[in-house]
Structure formats: structure tokens, C-alpha cells
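The values are calculated or read from the model by the stated rules, or taken from the named source; none is laboratory data. Since the model is a prediction, treat every value here as computed from it, not as a measurement. Using ideal geometry, Cβ is built from the backbone for each residue, glycine included, and neighbour counts are taken over all protein chains shown. To get the accessible areas, we keep the full protein, side chains included, count just its heavy atoms, and leave off ligands, DNA and RNA. Shrake-Rupley method; radii C 1.70, N 1.55, O 1.52, S 1.80 Å.
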Amino acid sequence: MLKKREAMQDFAAETRMLNSRAVLVMLIVILLFGVIILNQYHLQIRSYQDYQTRSEGNRIKVVPLAPNRGLITDRNGILLAENRPVFSLELVPEQISNMTDTLTQLAELIDISQEQQTSFLREVRQQRRFNAIALKEQLNDEEVAIISVNLHRLAGVSIEARLSRHYPFQDLFTHALGYIGRINTTELGRLDQSGQLANYAASRDIGKIGLERFYETELHGTMGYQEVEVNNRGRVIRVLRSVPANSGKNIQLHLDVGLQLTAQQILKDQRGAIVALDPRDGAVLAFYSNPSYDPNLFVHGISSTNYNALLHSANRPLVNRVTQGIYPPASTVKPHIALLGLESKTIDSSTRIWDPGYFQLPNVEHRYRDWKRWGHGWVNVYNAVIESCDTFFYDMGVKLGIDRISEYMTALGFGQRSGIDILEESNTNMPSRGWKRARHNQPWYHGDTVAISIGQGYWTTTPLQLATTTAVLVNKGLLPTPHLANRLSDDNEEIIVSGDLQPTVEVQDPRNWQIILDTMRQTVSTPQGTAFTAFRNAPYQSAGKTGTAQVVAIAQDAKYDAETTYERHRDNAMYVGYAPYDKPTIVVVVAVENVIGGGGSVAASMARQLLDYYFSAGVNAEDE
């Protein structure tokens with residue numbers, strides 16, 4: 001058998017292969033080093049600024065600073081809304097691993113109600129997890145001490161000192177000032193849409209109603225911020241940069257504390273409203289709705305028990321009766337109707353009718369009764385206003401017709417919002433043929449006009465609207481825009497809030513203005529006047545008109561007896577007036593619900609007390 005020949009090794013080929021592999025490895029190494037060098041160049045040179053920013057973000061935190069809310073004072077500088085320091089227990093959900101256990105621990109340390117916990121958890125679901133959320137506010141000293149000594153074992157829990165809104169006069173100015181409260185999701189959306197959300201990064205509260213809401217932008221101020229260095233646990237080590245927040249503007253009102261207290265004392269426990277304004281510019285001097293409530297309850301979140309008590313109260317304290325109280329104006333509008341009668345030449349100053357105590361439409365058996373059952377006898381426009389003769393106005397109203405009445409009263413300001421600087425104002429109704437057809441799908445009847453001619457029926461108004469439309473008579477055709485705010489100011493500027501006087505109607509005979517104003521003067525100054533007793537021996541000259549509004553209809557032959565009538569069915573007492581008669585500086589309106597008595601005996605006497613204080617205390621004296 002032949003032996004297999006062994007092949008000889010080719011050293012040259014192996015050398016070439018080894019060299020080519022070495023070159024390939026070297027190229028790969030060079031390529032990898034090139035990649036590393038390029039990456040280092042990208043990281044340390046080209047992307048230096050970006051990564052530096054990220055690095056700073058890990059140790060530098062921007063903390064928003066809430067501005068101090070502007071203060072609100074009365075005309076004399078007395079604080080009506082201020083900011084007070086309070087301690088609150090706050091939690092950051094992002095830093096808490098087990099929220100249930102944390103809440104349990106806190107509830108064992110201090111008193112935290114189930115309602116507070118439920119409200120907190122609801123807010124946790126609505127807010128971003130990195131935001132601090134208050135569990136309990138207004139901690140007392142003992143609670144602060146207890147939580148402080150246990151903070152080391154409560155991750156994500158802190159005690160924060162903040163300025164909180166406080167209303168020192170409690171329920172006295174509630175319906176004018178309003179109140180602030182926690183920002184809800186609807187308000188967050190509104191802020192986002194208006195581009196203001198960033199300015200509320202450090203704010204938890206917002207104006208809910210009243211002046212606090214109307215002037216929210218001015219009162220809130222501008223947010224500031226701090227750049228702080230933090231450690232790996234998020235604790236602040238030092239402040240690197242600070243931009244202070246700009247406080248909101250302070251607001252001085254036309255309201256007078258003394259006049260407001262007088263209004264409250266006058267109404268006592270009766271439901272109603274008192275409003276007073278300067279007819280020359282619409283400055284609101286008194287603005288009180290009764291009953292009222294303490295707005296401080298809402299600042300830190302009102303309990304469901306307290307809120308339900310307010311919401312379901314039969315006396316409706318949440319309703320602002322000055323601007324939302326809907327009342328028939330009753331006889332307080334007889335001067336306005338009389339002005340239309342004179343201007344349209346339906347009557348003149350010498351026109352007389354016989355009042356037997358009732359009025360009848362042609363071919364109609366129904367009798368529309370006068371408040372004086374035996375009648376006033378022969379009556380002209382002077383007697384009709386002074387003695388508040390219904391029969392005279394029944395007759396004149398039917399002759400005028402609803403079309404002229406509705407058009408003229410609308411021009412004077414009835415049925416329209418006043419434009420006051422709060423948003424809570426109800427729509428009122430100046431009825432017309434078209435309104436009744438649209439509302440009730442019925443034609444307008446002469447009987448409807450009879451009721452309208454004495455301020456009853458479908459005609460509704462608010463105390464504030466009565467004040468502005470009475471000012472139209474005082475100003476001989478000029479309608480003021482009512483405003484509560486006098487001036488807004490901060491360290492940089494001062495803004496004066498002025499009220500416009502809008503022309504309403506032009507009279508053909510200027511003497512008609514004086515006739516109407518004279519009848520209102522004699523209503524107060526002559527023994528036959530319905531307000532004479534209330535203003536007897538007053539040390540100033542005033543003018544006015546009383547009104548007694550029926551709440552429910554009375555049968556044709558029935559006799560109204562307030563003593564035996566169900567309390568909620570009793571008449572409302574109304575009064576509109578102004579003073580001094582020759583150069584008026586104040587118009588006052590009083591509306592009192594369900595009283596025993598009428599406009600002359602109840603509302604007029606209340607107006608007398610308010611005016612007595614106004615002149616004795618020298619309110620507005622610097623402007624006279």
C-alpha cells in the first residue's frame with residue numbers, strides 16, 4: 001500500500017492572510033475609535049448646551065411665587081377684604097408611595113374629618129401629581145407642632161405658611177364683595193383659553209362671585225419665581241435667582257361701612273334689600289341684601305353641612321336681593337308713568353278724574369280697586385302721585401296703551417341690566433305684546449295694561465334698577481351706570497372708575513320734569529303724602545314715592561288682612577327717594593318682603609333712618 005504524501009506548508013500565503021486580518025482588525029479598531037471620538041465631540045461640544053441645561057435641571061428647580069392679592073377698602077380706607085397668614089398641611093402625591101397609609105397616619109396625629117379626606121382625594125384626581133395639595137388649612141399652633149415633629153417619617157408631607165383671604169366684616173358686605181375659593185376644573189379651562197393659566201401656577205384661589213370675580217385680573221397680580229438649587233432628595237439648598245411677584249391692585253370702594261351697618265340694623269331679621277347711590281355718577285354708597293352669610297366659610301372650602309343649610313334655607317341667603325331680587329315695582333313707578341302721560345299729552349297738570357274707589361273697563365263688570373276703598377274723589381296728576389291714587393293710573397294707563405308704556409319705560413332703563421361691576425344680576429321684565437305672545441302664546445288684554453299702570457302684573461324689577469331709573473328722574477333724563485369701585489391702585493398707577501351718564505328720553509316740555517319731581521317732594525312733605533309720617537320733621541328736604549306690591553291675587557270681594565294672611569303671601573313694601581331735594585346726592589331704594597304694613601309705614605321709615613345717618617355722619621360730604 002502506498003503511503004499518502006503530506007502537503008508542504010505555504011508560509012507566504014499564511015503570512016498574507018495574517019496581514020490582511022491584522023489590517024482589517026486595525027481598521028475596525030480605528031473605526032470604533034473614530035465613532036467614540038465623534039460621539040464625544042457630539043456630547044461635549046455640539047450638544048454641550050443641551051446637556052448642560054438637562055444637568056442644571058437635575059439640580060436647579062424653578063419655584064413659582066404667588067402674588068399677594070390686592071386689598072379692598074371702603075370709601076374711608078377701612079379694610080373690607082384682607083390677607084392673613086395661615087398654616088396649611090400639604091401633600092405632594094408624586095412623593096407619596098401609599099396615600100391611604102399616609103392619610104391614616106395624619107388622621108391619628110391631628111383631627112382630619114372624613115369630608116376633608118374625601119375632598120382632598122377628589123382634588124388629587126383633578127390636579128397634577130407633582131403639585132402640592134392642601135389636606136387641611138388653618139392649622140392651630142398645637143397641630144403645627146405635632147405635624148412638625150413627625151415630618152421625618154412622613155414623605156411628601158409639609159406645613160406651608162400662606163396668605164389667606166379674610167373678610168373682617170363677615171356677612172355685612174358679602175353680596176357686594178363676593179368671595180374667593182379653590183380654582184376648579186372649569187375655571188382652569190377658562191384661564192387656559194384666555195392665556196392666563198401660567199400666571200396662576202402658584203395660585204390656588206380665584207374670585208368666585210361679586211367684586212372678587214369681576215376684578216379678578218386686577219386683584220390677582222403677576223406671578224414671580226425663584227431658581228433654587230436642590231439635592232437628590234429635592235430639598236432646597238440655596239436660592240440662585242429670585243424674581244418677585246407683583247401684588248394685585250388695591251381697590252377702594254364707594255361703599256361706606258357706617259351706612260352699610262345702618263342698612264343691616266334697619267332690616268334686622270326681615271328679608272329685603274337696601275341700595276343707595278349717587279345719582280350724579282352712579283357711585284354705590286350702600287348695597288345690602290338680607291339675610292346674608294359669612295363669606296369666610298367659602299375661602300377654605302365650605303363643608304357640605306354648612307353649604308346645604310345655606311342652599312336650602314327658605315330665606316335664600318345666597319340670593320343677592322339688590323341685583324337678583326325680582327319684585328313688582330308697584331306704585332314706585334307712578335312718577336315714571338305720569339311723566340309719559342304728560343309727555344304724550346294724554347294728561348296735563350290740570351286733568352282731573354273722579355275716583356269712586358275703583359275702575360272699570362267699558363262693558364266689563366270686574367272692578368279694579370283702589371287701595372282706598374272709598375276713593376280719592378277728584379284727582380289730578382299731583383294728587384295721584386302724592387296720595388298714590390290707583391284709579392287715576394288705571395284710567396291713564398288704558399289710554400296710553402301697553403305699546404307706549406313698554407317703549408317709554410324701556411327707554412328709561414326698565415327691563416335692562418344696569419351694568420354694575422358685579423356679574424350676579426338678574427334679567428327683569430318690561431312686558432309688551434310681543435313678550436306675552438312669545439312667553440304665554442296669548443294676546444295682550446286691557447286688563448293686563450291696568451295692572452301694568454300701577455307697577456303690578458308682568459312688570460318686574462330689582463332694587464338696583466329702581467335706583468337707577470329713579471336717578472333718571474332726578475337727572476332729568478340721564479341714566480347713571482352704577483359702580484361699586486372708586487379707584488384701583490398699586491405702586492405704579494392709579495385707575496379711577498367713572499360712571500357714565502347715558503341720555504334716555506328727551507322731553508318735549510322740560511316743565512314736565514319739574515312737575516314729577518314736585519309730586520315726589522310733596523309725597524314726603526304734605527300731610528296727604530304717603531311718606532309724610534315717615535319723614536315728618538326731617539332736618540333735610542327729600543322726595544320720594546312709596547309702593548306696596550301684592551304677592552298673590554286677592555278675590556274681587558275679599559278683604560286683605562295682613563295679620564291673618566300666610567306670611568309668604570303678605571305684601572312687599574317698597575320705597576324710592578332722594579335727597580337733598582334741590583341738589584340730590586343720594587338716591588335710596590328699600591324693598592322689604594312680606595310685611596305687615598306697606599311702603600309708607602315700613603319701607604319709607606327705613607329710608608328715613610338711612611338718610612338720617614347719611615346726613616348726620618357727613619357721608620359724601622366732600623362731594624357736595
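For the full complex of protein chains and a 1.4 angstrom probe, list His300, His42 by accessible area with the highest value first. Please report the intermediate quantities before stating the final value.
Details: His300 45, His42 80 Å².
Correct descending sequence by accessible area is His42, His300.
Using only Cα atoms, locate the centre of region 206-227 and the centre of region 262-282, then give the distance between them in Å, rounded to an integer.
After rounding, the separation between the Cα centres reads 29 Å.
Evaluate 2.2 N^0.38 Å with N set to the residue count of region 139-180, then give the Cα radius of gyration divided by it. Walk me through the numbers before you get to the answer.
Working: Rg = 16.3 Å, N = 42, 2.2 N^0.38 = 9.1 Å.
Here the Cα radius of gyration is 1.79 times the empirical estimate.
Add -39500 (n - 2.57) for each DSSP H run of 4 or more in the chain, then divide by its residues: what number comes out at 222 nm, to the nearest 500 deg cm²/dmol?
Working: 22 runs with 219 residues, N = 624.
That comes out to -10500 deg cm²/dmol.
Which listed residue (His336, Leu18, Val144) has the Cα farthest towards the positive end of the charge dipole for the chain, taking +1 on Lys and Arg C-beta and -1 on Asp and Glu C-beta about the Cα centre?
Result: Leu18.
If you take the C-alpha gyration tensor of region 400-546, multiply each eigenvalue by 5 and take the square root, what semi-axes do you get, largest first, in whole Å?
Numbers: eigenvalues 173, 128, 44 Å².
Output for region 400-546: semi-axes of 29, 25, 15 Å.
Put +1 on the Cβ of each Lys and Arg and -1 on the Cβ of each Asp and Glu in region 496-559; which of Ala549, Gln502, Asn512 then has its Cα farthest toward the positive end of the dipole?
In region 496-559, that residue is Ala549.
Would you mind pulling out the separation of the Cα centroids of region 438-504 and region 240-260, in Å?
30 Å
Let me know the longest stretch in the chain that avoids all trypsin sites (Lys or Arg not before Pro) found in a DSSP loop with at most 12 other C-beta atoms within 10 Å.
Working: sites that count: Lys3, Lys4, Arg5, Arg128, Arg129, Arg233, Arg235, Lys268, Lys345, Arg373, Arg536, Lys559.
Looking at the chain, 374-535 is the longest stretch - no exposed trypsin sites (Lys or Arg not before Pro) with at most 12 other Cβ atoms within 10 Å.
So what's the angle, to the nearest 10 degrees on a 0 to 90 scale, between helix 511-525 and the longest Cα principal axis of the chain?
Roughly 80 degrees between the two axes.
Return the Cα extents of the chain along principal axes one, two and three, sorted largest first, each rounded to a whole Å.
162, 60, 51
Report, in listed order, any pair from Lys61/Lys136; Lys136/Lys208; Lys399/Lys436; Lys345/Lys372; Lys249/Lys545; Lys559/Lys583 with a Cα-Cα distance greater than 31 Å.
Working: Lys61/Lys136 26 Å; Lys136/Lys208 21 Å; Lys399/Lys436 20 Å; Lys345/Lys372 27 Å; Lys249/Lys545 40 Å; Lys559/Lys583 42 Å.
Beyond 31 Å: Lys249/Lys545; Lys559/Lys583.
Going by the alpha-carbon gyration tensor, a ≥ b ≥ c the square roots of its eigenvalues, is region 323-410 rounded (a/c under 1.5) or, if a/c is not under 1.5, prolate (a/b greater than b/c) versus oblate? Mind dumping the intermediate values first?
Numbers: a/c = 1.42, a/b = 1.24, b/c = 1.14.
Judged from the Cα gyration tensor, region 323-410 comes out rounded (a/c under 1.5).
Out of every Cα pair in region 149-245, what percent are spaced more than 18 Å from each other? Please list the in-between numbers first.
Values: 2887 of 4656 pairs.
Result: 62 percent of Cα pairs exceed 18 Å.
Using a 1.4 Å probe on the protein heavy atoms, what percent of the accessible area of the chain belongs to carbon and sulfur? Kindly include the intermediate steps, with their values, before the conclusion.
Values: 16040 of 31690 Å².
Answer for the chain is 51 percent, counting heavy atoms of protein chains only.
Over region 177-304, what lengths in whole Å, largest first, do the semi-axes of the equivalent ellipsoid take, defined as the square roots of 5 times the eigenvalues of the alpha-carbon gyration tensor? Write out the running numbers ahead of the final one.
Details: eigenvalues 302, 62, 42 Å².
Listed largest to smallest, the semi-axes of region 177-304 are 39, 18, 14 Å.
For region 470-588, what is the Kirkwood estimate of the hydrodynamic radius, computed as the reciprocal of the mean inverse distance between distinct Cα atoms, to one decimal in Å?
Details: mean 1/r = 0.0566 Å⁻¹.
After inverting the mean inverse Cα-Cα distance, the result is 17.7 Å.
What is the angle, in °, between the Cα long axis of helix 48-59 and the longest principal axis of the Cα atoms in the chain? Nearest 10 is fine, range 0 to 90.
Rounded to the nearest ten degrees, it is 70.
Any idea what the dipole of the chain comes to, in debye rounded to 20, about its Cα centre with Lys/Arg Cβ at +1 and Asp/Glu Cβ at -1?
Numbers: 60 positive and 66 negative charges, 403 e Å.
Roughly 1940 debye, rounded to the nearest 20.
Using only the Cα atoms, work out Rg/Rh for region 64-195, with Rh taken as the Kirkwood radius, to two decimals.
On the way: Rg = 17.1 Å, Rh = 16.9 Å.
Radius of gyration over Kirkwood radius for region 64-195 works out to 1.01.
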